[in-house]
Amino acid sequence: MKNKIHFLLSVCIAVAVLTGCSSDDSSSGPDTFGYDIHIEYPESYGGGVVANASVVLKNLSTNIETSMTTDEDGVAAFTEIAPGNYSVTVSRTLSATEAEALTGIGAEVFLNATLSQLQILADGATTIQLEGSAVGDWVIKEFYYSGAPDSYYFYDGFIEIYNNSTDVQYADGLLFGTTKSASSSSTSFYGFITEGYEDAFLAYVMQIPGNGTDYPVEPGASVVIAIDGIDHKDDPNGNANSPVNLGPDVADFEVYFYANPNTPDTDSPDVPNVEIIYSYSTTVFDYLPGVFGSGLVIFRHDNPGELERLTEPGSTSSREFVRVPKAYVVDALDAVANSSVTPELKRLPTNLDAGMNTVGGSYTGTSLRRKVKQEIGGRKVLLDTNNSATDFEVNNSPSPKGW
């Protein structure tokens with residue numbers, strides 16, 4: 001009888017153990033999960049979801065990769081994903097047409113993003129925003145050179161350079177310069193109608209200082225370079241007829257003309273100076289782009305002091321001009337004296353500026369300002385067809401850093 005009881009107890013214990021194991025198995029969670037990865041455009045593209053993006057999920061333990069393409073809602077919905085640590089790589093190529101619709105600039109764009117580690121231990125989702133190189137570049141936004149009205153005051157001129165791209169750009173090292181002033185005589189540098197000249201020949205060359213990351217400029221923002229960095233309307237050294245304030249809250253840089261050691265030019269203590277790389281005259285007392293207009297060029301070059309310098313062919317003057325090859329030019333504007341100036345009197349070749357524009361005269365208190373093409377996510381995209389006759393308009397109220 002005792003043996004029988006022991007046997008029954010053994011059977012019951014065995015059954016209980018088996019039953020307990022079975023119960024544990026049925027209550028354990030799934031071996032895989034579902035995980036959604038949402039892809040968005042950069043803010044400078046207006047944000048929004050990204051369809052047709054390639055998303056690669058890589059298991060960091062097994063190196064097994066799983067790829068998907070986002071749907072019209074910008075989602076890559078992964079299923080049956082084993083728990084573990086993953087990396088995520090995303091890429092999307094935009095055609096020029098797609099890029100123009102999103103950025104206002106028609107150029108093929110490569111966007112990407114990487115998430116080095118994503119831990120997946122349950123069903124879930126994450127959002128990744130794409131990044132990419134800048135679409136677009138610096139452009140000349142405004143050129144005020146005509147001088148204040150009802151006066152012979154021209155120290156209130158300024159150049160405004162605009163970040164017309166989708167990303168932060170650094171103004172450090174950016175170069176700009178002007179040709180000799182527009183006049184009624186042609187320049188023998190530009191026999192480009194028959195001889196095919198493509199380069200710019202500059203009377204002045206200046207450079208924004210910096211070590212590469214000192215002067216970040218957000219998309220849709222700009223840099224203002226003043227001839228003199230003061231409030232020309234109110235400063236005792238200014239002129240009450242001037243339409244502009246170029247003090248330290250407006251001008252980012254000024255041209256202190258130290259090229260002439262005897263200059264009477266005043267160095268504004270609150271506005272940093274640009275570096276003067278070259279001036280075709282060291283006897284003038286300030287930077288004078290010319291109230292009758294001139295060609296304005298912005299460009300990049302690693303060693304601007306080594307650029308070729310030439311005297312003007314056929315001229316008796318010993319003054320030299322800096323030759324800037326077309327390949328280095330970022331943007332150009334040919335501002336001429338008035339609407340009667342004919343193409344053979346242009347200061348820049350047509351491959352740099354297919355047209356020309358003018359404020360119509362001197363001491364008008366007006367400027368040339370680039371037109372707005374469209375607005376994307378609060379960022380103004382400026383018109384850039386390389387034809388200043390189309391891209392620019394006369395601004396009756398010069399507006400540095402304004403519209």
What full-extension length gain, to one decimal in nm, is calculated for residue 284 and residue 119 as 0.36 nm per residue of separation minus the Cα-Cα distance?
-> 52.7 nm
State log₁₀ I(q)/I(0) for the range 83-226 at q = 0.09, 0.10, 0.12, 0.16 Å⁻¹ as given by the Debye formula over alpha-carbon point scatterers of equal weight, solvent excluded.
-> -0.51, -0.60, -0.78, -1.08
On the accessible surface of the chain, probed at 1.4 Å with all protein chains in place, carbon and sulfur together account for a percent value of 49
Residue-normalised accessible area of the chain, expressed per residue, 1.4 Å probe, Å² | 47
Dividing the convex hull volume of the Cα atoms of the range 206-266 by its residue count, what figure in Å³ per residue is obtained?
-> 107
What base-10 log of the normalised intensity I(q)/I(0) is obtained for the range 327-403 from the Debye formula, alpha carbons as equal point scatterers, at q = 0.14, 0.18, 0.23, 0.28 Å⁻¹?
-> -0.50, -0.79, -1.13, -1.34
Could you give the radius of gyration (one decimal) and Dmax (whole number) of the Cα atoms in the range 274-379, in Å?
-> 16.0, 54
FRET efficiency for residue 129 and residue 320, using Cβ-Cβ distance with R0 set to 51 Å, rounded to 0.05 | 0.55
Of every Cα-Cα pair in the chain, the percent that sits beyond 37 Å | 41
The set of residues whose placed amide H lies less than 5 Å from the amide H of residue 351, leaving out same-chain residues fewer than 5 positions away, is none
Any chance you could list P(r) for the range 350-395, counting all Cα-Cα pairs in 5 angstrom bins from zero, rounded to whole %?
-> 5, 22, 23, 20, 16, 10, 3, 1
Please determine, in degrees from 0 to 90 and to the nearest 10, the orientation of helix 2-27 with respect to the longest principal axis defined by the Cα atoms of the chain, where the helix direction is its Cα long axis.
-> 20
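Exactly which GluC sites (Glu not before Pro) in the range 195-270 are in a DSSP loop and have at most 14 other Cβ atoms within 10 Å?
In loop regions of the range 195-270 (DSSP not H, G, I, E or B), the sparsely surrounded GluC sites (Glu not before Pro) are 198.
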Convex hull projection area averaged over all views, the range 47-91, Cα basis, nm² = 3.4
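The values are calculated or read from the model by the stated rules, or taken from the named source; none is laboratory data. Small disclaimer: the values here were computed from a predicted structure and weren't measured. Cβ sites come from the backbone with ideal geometry, for glycine too, and all protein chains shown count toward neighbours. Areas reflect the complete protein model, heavy atoms only, side chains present, ligands, DNA and RNA absent. Shrake-Rupley method; radii C 1.70, N 1.55, O 1.52, S 1.80 Å.
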